[in-house]
Amino acid sequence: MGGAVSAGEDNDELIDNLKEAQYIRSELVERAFRAVDRADYYLEEFKENAYKDLAWKHGNIHLSAPCIYSEVMEALDLQPGLSFLNLGSGTGYLSSMVGLILGPFGVNHGVELHSDVTEYAKQKLDFFIRTSDSFDKFDFCEPCFVTGNCLELSPACSQYDRVYCGAGVQKEHEEYMKSLLKVGGVLVMPLEEKLTKITRTGPSAWETKKILAVSFAPLIQPCHSESGKSRLVQLPPLAVRSLQDLARIAIRGAIKKVIRQEAVNRNGNGLKNTPRFKRRRVRRRRMETIVFLDKEVFASRISNPSDDTSCGDLEEERQGEEATTPPDTRPEPPVNFLREKVLSLPLPDPLKYYLLYYREK
């Protein structure tokens, strides 16, 4: 489902549209969405649809509509250092955005039913770490994905601060989902055709809030083995970081502080975000309306009533702007200050590459 906002031409324009429609409401969520390009999680032949506010499915691979992920991210109330469990983690798109907020001392686990999708998610995660400049702007909590049915988690599994389920939860499984949550934690899941936020306020006390109407495929019921026993899913242990890893986090953090201080000394107001190229939008533009009926999607275009009488004004406005706008207003690609600083340090190359996580860019 989806179609709540207009299609974008790139990831930034998609996020602009989600903000304008009030699906993205916080700066923290906005930064995470801008840092992870949705198109990177599509198969190459389907990337032209990546910036439409629509769900995408190909075989077992599935992505929810951007407006749904926006509401989920906002409802989770994410903070650095929390533990997160993604049930039905799919491509890892959501888990990667969550990891940018959780930071290096969070926990980021995903459970996916299909082994081929788990491998796909691992490949996409590796691609993000190796090639995305956004990786160096955040302290990342790397997701860890396992294959299995999320209704068969081992009783020995720890509880989590935040839990999201990406499949429709039947009413009989509501208590099971709640049991995965720590006191003070937040669970977001589709329940009875509503995206629902449940906050655990005490050992047996809950607050429930319905967010919006949704339509998700239901959870797949467990299939027992020939012996009649269920296949328990073991989640990764809550590992303690190595001293070497902690040193890398501390060094990268210290370098970022130096970069910020240099920016303060240079312009007096801290490190500013590199200005983004923003396409001019025509007021009274034609609006695209996408209508859903059962499982079919019908698209139609509805013109603004004033369009027919204002074509001359719009043409004059367009010509005027073209006359005053340079031919190419797209800025240079943003500089990866952290990478440049690390490469300039008087250190052996192997240590530089370690500090950069052996990344390609």
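The values are calculated or read from the model by the stated rules, or taken from the named source; none is laboratory data. For clarity, every value in this text was computed on a predicted model and none was experimentally measured. Here the Cβ positions follow ideal geometry from the backbone for every residue, glycine too, while neighbour counts run over all protein chains shown. Note: accessible area is taken over every heavy atom of the protein model, side chains too, but ligands, DNA and RNA are not part of it. Shrake-Rupley method; radii C 1.70, N 1.55, O 1.52, S 1.80 Å.
Label-to-label distance for residue 158 and residue 105 is 1.4 nm, based on points extended 7 Å past Cα in the beta-carbon direction. Taking the Cα centre of the stretch 77-164 as origin and assigning +1 to Lys and Arg Cβ atoms and -1 to Asp and Glu Cβ atoms, the resulting dipole is close to 40 debye. Its Cα centre serving as origin, the stretch 111-263 has a Cβ charge dipole (Lys and Arg +1, Asp and Glu -1) of approximately 580 debye. A 1.4 Å probe run over the protein chains yields, for the stretch 1-115, 34 Å² of accessible area per residue, whole-number rounding. Does the stretch 1-123 come out rounded, prolate or oblate by the C-alpha gyration tensor, with a ≥ b ≥ c the root eigenvalues, rounded set by a/c under 1.5 and, if not, prolate when a/b is larger than b/c and oblate if not? Since a/c reaches 1.5 but b/c is at least a/b, the shape of the stretch 1-123 is classed as oblate. For the stretch 112-166, rounded, prolate or oblate, judged on the Cα gyration tensor with a ≥ b ≥ c (square roots of eigenvalues), a/c < 1.5 rounded, else prolate if a/b > b/c? Oblate. Amide H to amide H distances under 5 Å link residue 185 with 200, where only residues 5 or more positions off or on other chains count and H is placed in the peptide plane.
Taking a ≥ b ≥ c as the square roots of the eigenvalues of the Cα gyration tensor of the stretch 191-260, is the shape rounded (a/c under 1.5), prolate (a/b larger than b/c) or oblate?
In terms of gyration-tensor shape, oblate.
Along the axis of the charge dipole computed for the stretch 37-146 (Cβ charges of +1 for Lys and Arg, -1 for Asp and Glu, origin at the Cα centre), the listed residues 39, 88, 123 are led at the positive end by 88. By DSSP, the beta bridges lying fully in the stretch 1-152 are antiparallel in about 25 percent of cases.
Using only side-chain charges placed at the Cβ, +1 for Lys and Arg and -1 for Asp and Glu, the dipole size of the stretch 141-217 relative to its Cα centre rounds to 280 debye. Which entries in 52/194; 137/210; 47/210; 19/194; 47/352 show an alpha-carbon gap greater than 25 Å? Over 25 Å Cα-Cα: 137/210; 47/210; 47/352.
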